[in-house]
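The values are calculated or read from the model by the stated rules, or taken from the named source; none is laboratory data. All of these numbers come straight from a predicted model, not from anything done at the bench. FYI the Cβ positions are ideal-geometry reconstructions off the backbone, even for glycines, and counts take in every protein chain you see. When the accessible area is computed, the model is the full protein with side chains, heavy atoms only, and any ligands, DNA or RNA have been set aside. Shrake-Rupley method; radii C 1.70, N 1.55, O 1.52, S 1.80 Å.
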Amino acid sequence: MKSLLIATTNSAKFEEASSVLRLSDIAIVGLKDFPGIVLVEETGDTFEENAILKAKGYFNQTKVPCIADDGGLMIDYLNGAPGVHSKRWLGHDASDQELARAVLDKMTGVPQEKRTARLGGFAVFWDG
């Protein structure tokens, strides 16, 4: 049976992706199925670059075809921040609640009509 690696440390994202991708002849596996795997650093400047880094990096470690993604919040008033650095914007792996609080603090006094944002993201399939 062939395998497909869903390369995420987010258990909710893994469950969602695996439920969508489950096929009778493909075994869906996650990073937790590979003890000792080294987490790939997200050093890219774009969601695309980070998704590619992760897909290639995890494929190279496991030799299992891989789907990886990267994404984040882009706030127009903050010139697209936190963007590609969403999870580490506060200098550490922040919770969603911490990120929301920091965004609201930075938007204090900003008129409602200027409080626009969007989610960006990129997904990659890599099979060597």
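When DSSP beta bridges are restricted to pairs lying wholly in the chain, around 60% turn out antiparallel. Applying 1/(1 + (r/R0)^6) with R0 = 25 Å to the Cβ-Cβ distance of VAL20 and GLU113 gives a FRET efficiency near 0.10.
Residues MET107, MET74 ordered from highest to lowest accessible area at a 1.4 Å probe: MET74, MET107.
Look at where the Cα atoms of segment 27-51 and of segment 58-94 average out, and the two centres are 11 Å apart.
Solvent-accessible area of the chain (1.4 angstrom probe, protein heavy atoms only): carbon and sulfur portion equals 54 percent.
Specify the angular offset, from 0 to 90 degrees and rounded to the nearest 10, of the alpha carbon long axis of helix 11-21 from the longest principal axis of the alpha carbons in the chain. Once rounded, one gets 60 degrees. Ligands, DNA and RNA are left out, and with a 1.4 angstrom probe the accessible area of the chain is 63 Å² per residue.
Helix 96-106 versus the longest principal axis of the chain: what is the Cα-based angle in degrees, 0 to 90, to the nearest 10? That helix lies at roughly 30 degrees to the long axis.
Here, the chain is characterised by an Rg to Rh ratio of 1.05, where Rg is the alpha-carbon radius of gyration and Rh the Kirkwood radius.
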